[in-house]
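For reference, the structure is listed below as structure tokens.
The values are calculated or read from the model by the stated rules, or taken from the named source; none is laboratory data. Keep in mind it's a predicted model, so treat the numbers as computed, not measured. Methodologically, a virtual Cβ is constructed for each residue, glycine included, from the backbone with ideal geometry; neighbour enumeration extends over all protein chains shown.
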Amino acid sequence: MLMISRADFADPQLRVFLEAHLADLEPTAPPESQHALDFEALQRPGVRLWVAADDGVIVGTAALSVLDDHHDELKSMRTEPACRGTGIASQLLEHATGDARSRNVARVSLETGSDGFFAPARRFYARHGFSECAPFGAYRPDPNSVFMTRVLA
């Protein structure tokens, strides 16, 4: 049974999972176009990280980073490759957006890659109500990035 909970940064399994995420992203764009948060950055104030675990094994992560009182950024969405297509990402996204709504956040935005590697992610986000938008927060236009946003109802 899938359990979603706040991340335990003392769990060594979490560091391994997040490092695999960064390793997956490394060949997709030059360093200046890679915006994933590392293990330490995910522990900063204003960042909430959740893990999805199946039988105690981490199979997914999702984080929200506060941009302002009414706007959060979705970060660190990853599903274990062997588990993709099983609904884990949808459950994590619903959990994260539910958290945002509970804090009166009006909008959740994200940055993802423009490379073909990210095409499934872009389709996933579009299916869940995200649409392309201009760069937000501290982002600037980048041919390696696609920016998306969703207004929370």
Exclusive hit being aliphatic (A, V, I, L, M), in a helix (DSSP H, G or I) and more than 15 Å from TYR125 (Cα to Cα), set ALA53, ALA82: ALA82
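Taking the stretch 51-74 on its own, how many of its residues are β-branched (Val, Ile, Thr) and over 15 Å from ASP8 (Cα atoms)?
As a first pass, look at the stretch 51-74 and keep what is β-branched (Val, Ile, Thr): 51, 57-59, 61, 66.
Then drop every residue that is not over 15 Å from ASP8 (Cα atoms), which leaves 66.
Total meeting the criteria: 1.
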Filtered residue count, the stretch 123-153, keeping only those that are of a type in the set (Lys, Arg) and touching a strand residue (DSSP E or B) at 6+ places or on another chain (Cβ under 6 Å): 1
Enumeration of residues in the stretch 85-102 that are out of contact with any strand residue (DSSP E or B) (no Cβ under 8 Å at 6 or more places or on another chain) and either touching a residue at least 12 places away in the same chain (Cβ under 8 Å) or within 15 Å of HIS128 (Cβ to Cβ) (or both): GLY85, GLY87, SER90, GLU94, GLY98, ARG101
Quick one: in the stretch 45-54, of everything that is surrounded by fewer than 16 Cβ atoms within 10 Å (Cβ to Cβ) and in contact (Cβ under 8 Å) with a residue 12 or more places away in the chain, which residue is farthest from VAL16 (Cα to Cα)? GLY46
For ASP72, indicate whether it is in a strand (DSSP E or B) and either touching a His at 6+ places or on another chain (Cβ under 7 Å) or acidic (Asp, Glu) (or both). yes
Return the total of residues in the stretch 98-115 being assigned to a strand (DSSP E or B) and under 16 Å from LEU25 (Cβ atoms). 4
Anything in the stretch 62-104 that is crowded, with 18+ Cβ neighbours inside 10 Å and in contact with an Asp or Glu (Cβ under 6 Å, 6 or more places away or on another chain)? List them, or say none. LEU64, SER65, ALA100
Do we find that VAL59 is under 13 Å from VAL151 (Cα atoms) and either at pLDDT below 95 or crowded, with 20+ Cβ neighbours inside 10 Å (or both) in this structure? no
Could you run through the stretch 116-153 and say how many residues are assigned to a helix (DSSP H, G or I), exposed (fewer than 12 other Cβ atoms within 10 Å of the Cβ) and in contact (Cβ under 8 Å) with a residue 40 or more places away in the chain? 0
In the stretch 5-33, how many residues are closer than 18 Å to SER145 by Cβ and surrounded by 15 or more Cβ atoms within 10 Å (Cβ to Cβ)? 6
Those residues of the stretch 1-50 which are part of a strand (DSSP E or B), hydrophobic (A, V, I, L, M, F, W, C) and within 13 Å of the chain's Cα centre (by Cα), in sequence order: VAL47, LEU49, TRP50
